[in-house]
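S.K.: Before we start, here is the structure in question, set down as structure tokens.
The values are calculated or read from the model by the stated rules, or taken from the named source; none is laboratory data. These numbers were taken from a predicted model, which means no experiment stands behind them. Cβ atoms come from the backbone with ideal geometry, glycine included; neighbour counts cover every protein chain shown. Accessible surface areas use protein heavy atoms only, side chains included; no ligands, DNA or RNA. Shrake-Rupley method; radii C 1.70, N 1.55, O 1.52, S 1.80 Å.
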Amino acid sequence: MVTQRIIDFLATRRPDGPCLVVDLDVVEENFRAFRRALPDSSIFYAVKANPAPEILKLLASLGSNFDCASVAEIEMALDAGADPSRISYGNTIKKERDVARAHEYGVSLFAVDCIEEVEKIARAAPGARVFCRVLTTGEGAEWPLSRKFGCVPAMAIDVLTEAQSLGLKATGVSFHVGSQQTNTEAWDSAIADAKMVFDALAERGIVLTLVNMGGGFPTRYLKDVPAAAAYGQAIFQSLTRHFGNRLPETIIEPGRGMVGDAGVIKTEVVLVSKKSAADENRWVYLDIGKFGGLAETMDEAIRYPIVSHRDGEKTEPCVLAGPTCDSADVLYEKAPYPLPISLTVGDELLIDGTGAYTTTYASVAFNGFEPLKSYVI
Ligand SMILES: *Cc1c(COP(=O)(O)O)cnc(C)c1O
């Protein structure tokens with residue numbers, strides 16, 4: 001969202017080079033919208049989406065919890081003022097010594113998706129609470145997470161049973177319906193799976209209490225997406241459909257939906273050219289590309305809105321590319337991007353909806369280009 005605060009910041013500070021500007025007011029509005037949409041669920045912000053200390057501090061002060069994927073992210077959440085009881089170690093792939101470190105910090109909630117990981121946690125974090133991640137199809141998501149994380153629900157039953165028998169607290173089930181999930185009904189079948197696992201464990205005398213419903217809440221890019229309230233309604237209906245009036249404790253872990261629309265990247269046109277006299281498309285090269293933070297343009301999955309002071313003038317489709325010497329550094333080519341014909345070298349563009357998954361995806365110094373600068377205002 002190109003807010004007035006972001007426009008004013010860029011106009012007065014005139015930062016050189018590409019940079020991300022994040023408006024904390026938008027993050028706060030998003031947090032409040034999630035809280036309103038699912039008032040009975042705890043919010044665990046997925047730190048990886050944007051770990052800027054100012055964002056973590058704001059969210060900690062608003063009462064957010066944190067979903068962390070590494071010891072470093074746990075330390076960031078602690079530094080922001082979060083109590084360890086408000087941190088979940090949600091990565092299913094952890095070194096045993098990292099589990100031990102988290103345990104020393106007081107973190108007591110861990111994700112698993114196999115017995116091998118349960119064994120590590122039983123050794124390194126005795127007595128901890130664990131939830132088992134189940135696979136989802138990722139259908140309806142523009143950035144699916146598919147097969148890498150989770151196990152089939154039938155296996156989750158054994159994983160949690162083993163956890164309990166090794167002295168851990170088998171606590172519940174988690175899933176992630178895929179990032180940028182535009183279908184509000186996508187949670188339903190995973191919630192049904194969770195209920196199945198709850199019932200199977202109950203038969204073994206183990207009472208699960210928690211359903212971690214992950215992230216997936218979208219940011220508006222070029223197309224409209226349903227509001228948080230619509231997701232809240234659909235999810236609440238699914239929970240009551242499958243769990244009746246014995247609703248479990250629930251968690252959501254928004255990342256993209258919390259910060260995506262709070263950030264705007266300022267970039268500059270470095271070159272506009274054609275490959276031949278007959279070339280249909282102009283090539284527009286920016287000072288940021290896939291290696292500068294726009295990694296989610298991979299396969300042209302995420303299509304960001306681009307704002308120019310020439311908007312309203314006649315446009316034509318352009319191939320949009322980054323500045324590095326890797327030919328993979330092309331943002332949009334299969335589906336060229338309409339940009340004003342008058343666009344010229346030195347023009348500034350604003351790439352909207354870039355608050356999530358940009359700064360942390362920027363390379364350290366590929367071709368000598370600095371990592372993406374970030375200002376949180
Ligand atoms: C990345 C991630 C999230 C956040 O996903 P979004 O689609 O950005 O909301 C939530 N939970 C887990 C376990 C994740 O890995």
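S.K.: Which pairs turn up if I take residues in segment 88-102 that are in the same structural domain as Gly127 (by TED's automatic domain parsing) and look for partners that are modelled with pLDDT under 95 with beta carbon separation below 9 Å, at least 6 apart in sequence or on another chain?
M.R.: From segment 88-102, the pairs are Asn91/Phe149; Thr92/Lys148; Thr92/Phe149; Ile93/Lys148; Ile93/Phe149.
S.K.: May I ask you to list the residues in segment 196-210 that are among the hydrophobic types (A, V, I, L, M, F, W, C) and either open to solvent by 50 Å² or more (accessible area, probe 1.4 Å) or more than 16 Å from the ligand (Cβ to nearest atom) (or both)? Give the steps one after another, and end with the answer.
M.R.: Filtering segment 196-210 for residues among the hydrophobic types (A, V, I, L, M, F, W, C) gives 196-198, 200-202, 206-208, 210.
If the condition is that a residue be among the hydrophobic types (A, V, I, L, M, F, W, C) and either open to solvent by 50 Å² or more (accessible area, probe 1.4 Å) or more than 16 Å from the ligand (Cβ to nearest atom) (or both), then Met196, Val197, Phe198, Ala200, Leu201, Ala202, Ile206, Val207, Leu208 are the ones that fit.
S.K.: Ok, one more. Among the listed residues Glu253, Glu296, Glu280, identify the single one that is modelled with pLDDT of 95 or more and open to solvent by 10 Å² or more (accessible area, probe 1.4 Å). Break it down into steps so the answer makes sense when it comes.
M.R.: Working: Glu296 fails: open to solvent by 10 Å² or more (accessible area, probe 1.4 Å); Glu280 fails: modelled with pLDDT of 95 or more.
Exactly one residue qualifies, and that residue is Glu253.
S.K.: Can you confirm whether Thr324 is surrounded by fewer than 14 Cβ atoms within 10 Å (Cβ to Cβ), at pLDDT 95 or above, more than 24 Å from the chain's Cα centre (by Cα) and away from the ligand (no atom under 16 Å from the Cβ)?
M.R.: Working: surrounded by fewer than 14 Cβ atoms within 10 Å (Cβ to Cβ): no; at pLDDT 95 or above: yes; more than 24 Å from the chain's Cα centre (by Cα): yes; away from the ligand (no atom under 16 Å from the Cβ): yes.
It is false that Thr324 is surrounded by fewer than 14 Cβ atoms within 10 Å (Cβ to Cβ), at pLDDT 95 or above, more than 24 Å from the chain's Cα centre (by Cα) and away from the ligand (no atom under 16 Å from the Cβ).
S.K.: Which of the residues belonging to segment 169-195 are in a loop (DSSP other than H, G, I, E, B) and surrounded by fewer than 22 Cβ atoms within 10 Å (Cβ to Cβ)?
M.R.: Once the filter is applied, which keeps residues that are in a loop (DSSP other than H, G, I, E, B) and surrounded by fewer than 22 Cβ atoms within 10 Å (Cβ to Cβ), segment 169-195 yields Thr182, Asn183.
S.K.: I've got another one for you. So Asn50 ticks every box in (1) open to solvent by less than 20 Å² (accessible area, probe 1.4 Å); (2) over 23 Å from Leu349 (Cα atoms) but one. Which box is left unticked?
M.R.: Going through the list (1) open to solvent by less than 20 Å² (accessible area, probe 1.4 Å); (2) over 23 Å from Leu349 (Cα atoms), Asn50 breaks only (2).
S.K.: Within segment 221-234, identify whether any single residue is of a type outside the set (Val, Ile, Thr), in contact with a strand residue (DSSP E or B) (Cβ under 9 Å, 6 or more places away or on another chain), within 13 Å of the ligand (Cβ to nearest atom) and not in a helix (DSSP H, G or I), and answer yes or no.
M.R.: no
S.K.: Also: Taking the residues in segment 1-32 that are touching a Gly at 6+ places or on another chain (Cβ under 9 Å) and closer than 11 Å to Met258 by Cα as candidates, determine which candidate is surrounded by the most Cβ atoms within 10 Å (Cβ to Cβ).
M.R.: The selected residue is Val27.
S.K.: Additional query: Need the failing condition index for Leu109 against (1) among the aliphatic types (A, V, I, L, M); (2) crowded, with 23+ Cβ neighbours inside 10 Å; (3) within 14 Å of the ligand (Cβ to nearest atom); (4) within 19 Å of the chain's Cα centre (by Cα), just the number.
M.R.: Only one criterion in (1) among the aliphatic types (A, V, I, L, M); (2) crowded, with 23+ Cβ neighbours inside 10 Å; (3) within 14 Å of the ligand (Cβ to nearest atom); (4) within 19 Å of the chain's Cα centre (by Cα) is unmet by Leu109, namely (4).
S.K.: Could you list, ordered by first residue, the pairs with Cβ atoms under 8 Å in which the first is in segment 233-253 and assigned by TED's automatic domain parsing to the domain that holds Gly63 and farther than 22 Å from Ser64 by Cβ and the second is part of a loop (DSSP other than H, G, I, E, B) and not basic (Lys, Arg), at least 6 apart or interchain?
M.R.: From segment 233-253, the pairs are Thr240/Leu247.
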